[in-house]
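The values are calculated or read from the model by the stated rules, or taken from the named source; none is laboratory data. Please read all numbers here as calculations on a predicted model, not as lab measurements. All Cβ positions, even for glycine, are placed from backbone atoms using ideal geometry, and neighbour counts span all protein chains on display.
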Amino acid sequence: MKSILSVHNLDLSIPNRKLFSNLSFEIAQGSLTCITGENGVGKTTLVKHLLQDLANNYTVHTVFNVKRDEVQYVPQLRNIDDEYPLCIKDFVAFGLKKRNFFWNRKPLNEKLEQILTETKLTRIKDQPLGKASGGEKQRAYLAQALCADPKLLILDEATASLDTTNKHELLQMLREVMQQHGLTILFITHDPELIAKYADYELHLEDQTGVLLEKGAKK
Amino acid sequence: MFAYDFMRYAFIAGIFIALICSVMGTFVVARQTSFFTHTLSEIGFSGASFGIFIGISPLAGMLTFTTASALLIGMSGERLGRREASISVFSGLFLGLGILFLSLSDKQANYATSILFGSIVGIDRNDIEVLIALSILLLLTITILFKRLAYNSFDSQGAQYNQRFNKTISIIFLVMLALTISITAQIVGALLIFVLLTIPASATKYFAHRLYQMIVLNFVFILAGVWLGLYFSYLTDWPVSFFITVIEALIYGAAIAKDHLANHQK
């Protein structure tokens, strides 16, 4: 198993509380791993801490096989209200690493259209994002992240506000784009049904430590 | 009307103000920092009167005060600038300081009026040269950093994690905002700058959804307000700022009405 990220004996505290002690785990390249645990156990804090170590090249407890530029983090909360005016296409295009100049407009546009197709947003790409449904918004966040050509994609509670149909649609989509883009995915969630059906591994965080479990989607 | 130098200068100034404010206003509204913009213009007033007090130009004082505040807010995180209480504290404090500096410098009260509400009659060739130079500097910065500034303004959470040097971009934006406010103040005055930066951009939201369309439309709304305002002011001898404010408010009213009608028909 080639790992994209390994953590060894990590201690992590927030003011007045210890979150993890001696936490160790490895994330396999090309897998979809769900990070689970009670509210307040420190899932998001852990992920943000790992991203910070990666950005600062701090490798005492964490070894990454990707660069910070190759990781996209889709945060749980975003400032997108009903009145948010920008159309979906322009919002998604923020993820593109290169700027749109007249000499590279064509390839960049093709890439953008390709990703909009993969995330089933083509039909509504000119509509304001504020008017999109919850499921469409999550797909737009995913599409924006894909534009940056990540190797590791981290989604924080992306299905929390979605109904059952939309949850399954998003996860199916994630499995498809994973194959196409050669992605490794970390997915913070609470939903046992989704974990059983779509996850290769579950990293369960509890009592200041974590266990990695093999799950159904793993052949 | 164009026989007067100051009118010609004012119309030229209007073009540059519209160019800068169309982009900056679009970003300001996207970031939901309209009130911070207002505070920054009050800080600008206090800077201008400080400039008069110590004997440098009002513009230099304004640039110093607004840029310093922008850097301070940028370093300590933009959230501070959005907090209601801190907005009240800063607004009040700097208005108070402004009036103190003015009274210490024993200038006439009309000096305060011209800083607060602008005066086109005051525009001379030197002012217009400074305005154009600063505008070009701002427009160059916008051209170079456009994509990063747009990501940072329209998707602050996404950019926070996924855009390199994002905090630096935020600070650069606030400094650019400080510059914009300082150079626009000459025409519309410190108190009403935020009219040009926030009202037309809030109206464009209802008409356009592509980023470039929003900016172009915003430019049209701002230029229409400034030019028509100058024209009406010339006809009536009433203040320009008054007409600009009314025209922009009418545009915003039309936008709201259109949105209301569109929703009603559904």
- prompt: In segment B:1-32, which residues are within 12 Å of the chain's Cα centre (by Cα) and within 14 Å of chain A (Cβ to nearest Cβ)?
  reply: B:GLY25, B:THR26, B:PHE27, B:VAL28, B:VAL29
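Yes/no per residue for (1) crowded, with 22+ Cβ neighbours inside 10 Å; (2) without any contact (Cβ under 8 Å) to a residue 60 or more places away in the chain:
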position	(1), (2)
A:SER133	no, yes
A:ASP156	no, no
A:LEU171	yes, yes
A:HIS181	no, yes
A:THR189	yes, no
A:PRO192	no, yes
A:TYR201	yes, no
task: Quickly run through segment B:115-152 and pick out the residues that are among the small types (Gly, Ala, Ser), more than 10 Å from chain A (Cβ to nearest Cβ) and buried (at least 17 other Cβ atoms within 10 Å of the Cβ).
output: B:GLY118, B:SER119, B:SER135
task: Report yes if B:ILE181 is among the aliphatic types (A, V, I, L, M), in a helix (DSSP H, G or I) and touching a helix residue (DSSP H, G or I) at 6+ places or on another chain (Cβ under 6 Å), otherwise no.
output: yes
query: Do you know which of the residues in segment A:54-87 that are in contact with a Lys or Arg (Cβ under 6 Å, 6 or more places away or on another chain) and either more than 8 Å from chain B (Cβ to nearest Cβ) or more than 30 Å from A:ALA132 (Cβ to Cβ) (or both) is modelled with the highest pLDDT?
result: A:GLU70
- prompt: Are any residues in segment B:205-247 closer than 27 Å to B:ARG31 by Cα and outside any helix (DSSP H, G or I), and if so, which ones?
  reply: B:LYS205, B:TYR206, B:PHE207, B:ALA208, B:HIS209, B:ARG210
task: With the checklist (1) crowded, with 20+ Cβ neighbours inside 10 Å; (2) away from chain A (no Cβ under 14 Å); (3) among the hydrophobic types (A, V, I, L, M, F, W, C) in hand, flag the one item B:LEU97 doesn't pass.
output: (1)
Residue pairs meeting the criteria (Cβ under 6 Å; at least 6 apart or on separate chains; first in contact (Cβ under 8 Å) with a residue 40 or more places away in the chain, in segment A:57-80; second among the acidic types (Asp, Glu)): A:THR62/A:ASP53; A:PRO75/A:ASP156; A:GLN76/A:ASP156; A:GLN76/A:GLU157
task: Answer yes or no: is there a residue in segment A:99-114 that is away from chain B (no Cβ under 14 Å), among the charged types (D, E, K, R) and over 30 Å from B:ALA208 (Cβ atoms).
output: no
- prompt: Given the conditions (1) surrounded by 15 or more Cβ atoms within 10 Å (Cβ to Cβ); (2) more than 30 Å from B:ASP155 (Cβ to Cβ), which single one is not true for B:ALA3?
  reply: (1)
